[in-house]
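Colleague: Please see the structure below; I have some questions.
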Amino acid sequence: MKSKGLLTASFLLLVLSGVVWWSNKKASAPDKPSVENATTKLVSIPEDQFQELEIKKRTGEALRLQHGDSKWRIVAPELLPADPDAVSSMLSSLSSLSSDRTVEEKPASLDQYGLTHPAIELNFIDKNKKTAKLLIGDNTPAGTAVYASIAGDSRVFALSSYKKNSFDKSPNDLRDKRMLTFDSDKVSGIELMAKKQTITFGRSKDEWQIVKPNPFRADPSHVEDILRTLRDTRMDLSGSEDSKKTATAFASGTPFATARVTDVSGTQELQVRKNKDDYYAKSSAVAGVYKISSTTWSGLDKNLDDFKNKKLFDFGFADPDKVEIHDGSKSFFLTRTGNDWWSNGTKMDPGTVSTLIDKIRDLSATKFPETGWTTPVLEVTVTSDGGKRMEKVQLSKNGDNYLARRENEPALYELTASAVSELQKSAADLKPAAAPPPPPSKK
C-alpha cells in the first residue's frame, strides 16, 4: 500500500514539474502577432482610377469593362452600355477591399484553397496602366468566407462571402437596363398615346402644360409621374425567356401605351404591349424587345382629365402679395407688407386673412365642362411672387354649382357651391387687427 502511494505521489510530482517547465518556456518566448487575425488591403486602386476591369469565372464566363469618355462600357462578351450606378458600387467595394484574416503565409500548394483554378479571377488596369490581379477560391469550411490571394503575394487570405458578392457579377448585373436614356432635367416635351387618346405635354422652365388635344394647365405631379415611369422603365432580365420568346410575346400582345420623350439630344420612343399579365417594351434607344415590370406601367392608365391641373390658382403655399375680391356690390382689397396685412390703411387680423387665403388656395375643380359659362358674379385676383405673377379668376353660376375661368384661358372649371360659399363667408369675416394694449400707466 505504501509503495503504491509513493508511486502515485511521484507521478503527480513529475506532471507538475512538466507543467511548470512548459509555462516558463512559453513566458520566456517573445510575443508574436496572430497570423489568423491580421488583415491586409487586397486592392490599392482608388475608385476614380480604375480604367479597365476583367472578371473571369471558373465556369468559363468572362466580362470586361472599359472606361472612356467619362463613362463605363461592357466590351466583352458583347458591347453594351454599363449601368453607372452598378459599376460605381462595385468599384467602391473593390477600392476598399481588405481581407478578414490571413490563413497561411506560405502554402505548399494553392490547390487545397481552390486558387490554382480560381472561382473568380479579377484583373485590374488603372489610369497609369498599372495592373493587379485578385483570385477568389473555394469557400472556407464554415461557409461564411472564401479563400483569396493577390498576384505577387504568397499568402492566402480569408474574405467574407458578402464581400465576394459585391464583384461576383454577370453582364446582366452591370449592363444599363434603362429602356430610355433621356436626361430628365432637359426634357422639353412628352407625348403619351394610351387609352385611345393622345396627350402632348410641353415644359417651359419648370411648368408643365397640356399642349394637345387642347391647351390646359397640367397637374405637375402627374406629369412628373409619367417622366419618372419612363425614366425608371428597365429591362426585366430575371426570367428565363429567350429573346425570340420575348419578341413573340411583344408581337402578339395588345398595345398598351406608346410614349415619346424629347430632350436636347432628340426624341426617343417606347412602345409597351401587354400579353396576359406581363408587359413587354420596345425602345428606339435600345436594340431588342424586353419584358418590363408590370407595376411600373399600370399606373399610367389615366384619362385626359386626370392630367389637368384642378387647382384654380398657382401661388401654392407661398403667401401672396395682394388679394382683390369683387362679389356683387361688395369688394375686398388686401395688401401684405412683411408679415402684416392691410386693407385701405387698416391693419387686418392675421387669422381671418389666413382663413380667406386658404379658401382661395383650396379652390379646385370637380370636373371640366366644355359649356355652361354665363355672366360672371364673382372675381378673385391674386398677385404673388413679388408682383411677377398675377392670376385673375372669374366665377359664374351654373345650376347648383359654379363655373370658373382663368383670365386668358378658355378652359372651364366646375366648383361646388359649398367651396364658393365658404370663400364668400371668409371674405365677409375679415376684421381689423385687435388694438395693441395701452402702455402701463406711470404712478
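The values are calculated or read from the model by the stated rules, or taken from the named source; none is laboratory data. From a predicted model like this one, the values you see are computed outputs, not experimental measurements. In this analysis, Cβ positions are derived from the backbone assuming ideal geometry, glycine residues included, and neighbour counts consider all displayed protein chains. To get the accessible areas, we keep the full protein, side chains included, count just its heavy atoms, and leave off ligands, DNA and RNA. Shrake-Rupley method; radii C 1.70, N 1.55, O 1.52, S 1.80 Å.
Colleague: Are any of the residues in segment 271-282 touching a strand residue (DSSP E or B) at 6+ places or on another chain (Cβ under 9 Å), crowded, with 19+ Cβ neighbours inside 10 Å and over 23 Å from L80 (Cβ atoms)?
Modeller: For segment 271-282, residues touching a strand residue (DSSP E or B) at 6+ places or on another chain (Cβ under 9 Å), crowded, with 19+ Cβ neighbours inside 10 Å and over 23 Å from L80 (Cβ atoms): present.
Colleague: If we scan segment 333-352, do we find a residue that is within 30 Å of K274 (Cα to Cα) and in contact with a strand residue (DSSP E or B) (Cβ under 9 Å, 6 or more places away or on another chain)?
Modeller: no
Colleague: Go through segment 342-391 and count every residue that is charged (D, E, K, R), open to solvent by 60 Å² or more (accessible area, probe 1.4 Å) and more than 37 Å from the chain's Cα centre (by Cα).
Modeller: Here the count works out to 2.
Colleague: If V187 satisfies every condition in (1) more than 26 Å from K282 (Cα to Cα); (2) surrounded by 14 or more Cβ atoms within 10 Å (Cβ to Cβ) but one, which is the exception?
Modeller: Here V187 meets the rest and fails (1).
Colleague: Now a separate question. Could you grab me the full set of residues in segment 312-335 that are open to solvent by 70 Å² or more (accessible area, probe 1.4 Å), of a type outside the set (A, V, I, L, M, F, W, C) and in contact with a Lys or Arg (Cβ under 8 Å, 6 or more places away or on another chain)?
Modeller: D319, K322
Colleague: Can you tell me which residue is modelled with the lowest pLDDT among those in segment 231-251 that are assigned to a helix (DSSP H, G or I) and over 14 Å from D278 (Cα atoms)?
Modeller: In this case the residue turns out to be S243.
Colleague: Please go through segment 312-354 and pick out each residue that is within 29 Å of W208 (Cα to Cα) and either assigned to a helix (DSSP H, G or I) or at pLDDT below 95 (or both).
Modeller: Within segment 312-354, D314, F315, G316, F317, A318, D319, S354 meet the criteria.
Colleague: If S109 satisfies all but one of (1) without any contact (Cβ under 8 Å) to a residue 60 or more places away in the chain; (2) closer than 20 Å to P46 by Cβ, what's the number of the condition it fails?
Modeller: The failed condition is (2).
Colleague: Anything in segment 425-443 that is open to solvent by less than 90 Å² (accessible area, probe 1.4 Å) and in contact with a Lys or Arg (Cβ under 9 Å, 6 or more places away or on another chain)? List them, or say none.
Modeller: S426, A427, A428, P432, A433
Colleague: Next question, about the same structure. Enumerate the pairs (first residue in segment 344-363 and under 24 Å from V393 (Cα atoms); second residue anywhere and polar (S, T, N, Q) and at pLDDT 95 or above) with beta-carbon separation below 6 Å, excluding pairs fewer than 6 apart on the same chain, so at least 6 apart or on different chains.
Modeller: What qualifies is T355/S426; L356/S426; K359/S426.
Colleague: Moving on to the next point. Considering segment 242-257 alone, what residues qualify as being of a type outside the set (G, A, S) and crowded, with 17+ Cβ neighbours inside 10 Å?
Modeller: Once the filter is applied, which keeps residues that are of a type outside the set (G, A, S) and crowded, with 17+ Cβ neighbours inside 10 Å, segment 242-257 yields T246, F250, F256.
Colleague: Going by the structure shown, is K291 farther than 22 Å from D385 by Cα, in contact with a Gly (Cβ under 7 Å, 6 or more places away or on another chain) and surrounded by 15 or more Cβ atoms within 10 Å (Cβ to Cβ)?
Modeller: yes
Colleague: Search segment 55-104 for residues being assigned to a helix (DSSP H, G or I) and not polar (S, T, N, Q), and hand back the single one that is most open to solvent (accessible area, probe 1.4 Å).
Modeller: Restricting to residues being assigned to a helix (DSSP H, G or I) and not polar (S, T, N, Q), the top hit is D85.
Colleague: Hey, another quick one. Check segment 261-269 and report whether any residue there is touching an Asp or Glu at 6+ places or on another chain (Cβ under 8 Å) and of a type in the set (D, E).
Modeller: yes
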